[in-house]
Amino acid sequence: MTKTVIQFIVLFLALLVLQLVCNKIVLFNIAMPVVFIYLILRLPVNLHGGWVLTIAFFSGLIVDIFNNTPGMNALACTLMAAVRRPVFNLFVSRENDMNIPIPSVDSMGVSDYFKYMATLVTGYCALIFIIQAFSLHNFVLTLARIAGSSVLSVIIIFGLDSLVSTRREKRL
């Protein structure tokens with residue numbers, strides 16, 4: 001138990017540093033990678049909902065503090081954590097639910113994990129950029145930012161998952 005907690009703390013600190021570096025990367029003034037949400041995606045499925053919401057809120061709040069974005073990431077992370085379990089159940093059948101302790105490519109398979117991750121990342125990016133724009137004045141630009149950031153984040157998170165996942169998480 002404590003080994004898993006320590007691994008998640010180390011993962012969060014590494015993702016926080018990586019996010020601070022990624023905040024300086026903006027492709028074509030549209031796409032900005034969001035990598036710290038990988039922690040929320042990777043939380044164990046059987047973790048109590050209160051803990052998931054708390055971890056998501058504080059991880060978003062810490063990123064808000066470093067980015068000077070007043071509560072935007074905390075709100076988006078909390079909402080992402082709230083819909084994480086229903087989205088997971090949407091793509092994974094009930095009999096496979098007990099075999100998957102931590103969502104990853106190794107435990108869920110490429111197709112299911114991609115759908116799970118892409119849905120949550122796109123929802124997160126949509127919420128962040130809609131809050132940031134706070135109007136429908138540049139709706140096409142907002143849609144381009146949502147799409148670009150979602151695609152870039154999904155690619156990076158897929159790469160992170162291949163680095164972080166272990167062979168223990170193989171599907172039965």
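The values are calculated or read from the model by the stated rules, or taken from the named source; none is laboratory data. Everything quoted here is computed from the prediction, not taken from an experiment. Cβ sites come from the backbone with ideal geometry, for glycine too, and all protein chains shown count toward neighbours.
From the list Ile146, Ile102, Ile131, the one residue that fits, being in a helix (DSSP H, G or I), in contact (Cβ under 8 Å) with a residue 40 or more places away in the chain and at negative phi, is Ile131. Does the stretch 85-108 include one or more residues that are closer than 18 Å to Asp161 by Cα and basic (Lys, Arg)? No, the stretch 85-108 contains no residue that is closer than 18 Å to Asp161 by Cα and basic (Lys, Arg).
Give the residues of the stretch 16-44 that are under 14 Å from Asn67 (Cβ atoms) and surrounded by 19 or more Cβ atoms within 10 Å (Cβ to Cβ), sorted by residue number.
Matches in the stretch 16-44: Gln19, Met32, Pro33, Val34, Val35, Phe36, Ile37.
Could you pull out the residue among Leu16, Leu41, Leu79, Leu53 that is under 14 Å from the mean Cα position of the chain (by Cα), in contact (Cβ under 8 Å) with a residue 60 or more places away in the chain and assigned to a helix (DSSP H, G or I)? Sole residue among the options that is under 14 Å from the mean Cα position of the chain (by Cα), in contact (Cβ under 8 Å) with a residue 60 or more places away in the chain and assigned to a helix (DSSP H, G or I): Leu41.
Within the stretch 128-144, the only residue that satisfies the criterion of being among the small types (Gly, Ala, Ser) and surrounded by fewer than 14 Cβ atoms within 10 Å (Cβ to Cβ) is Ser135. Surrounded by fewer than 18 Cβ atoms within 10 Å (Cβ to Cβ), among the aromatic types (Phe, Trp, Tyr), part of a helix (DSSP H, G or I) and at pLDDT 80 or above - does that describe any residue in the stretch 106-123? The answer is yes, given that some residue of the stretch 106-123 is surrounded by fewer than 18 Cβ atoms within 10 Å (Cβ to Cβ), among the aromatic types (Phe, Trp, Tyr), part of a helix (DSSP H, G or I) and at pLDDT 80 or above.
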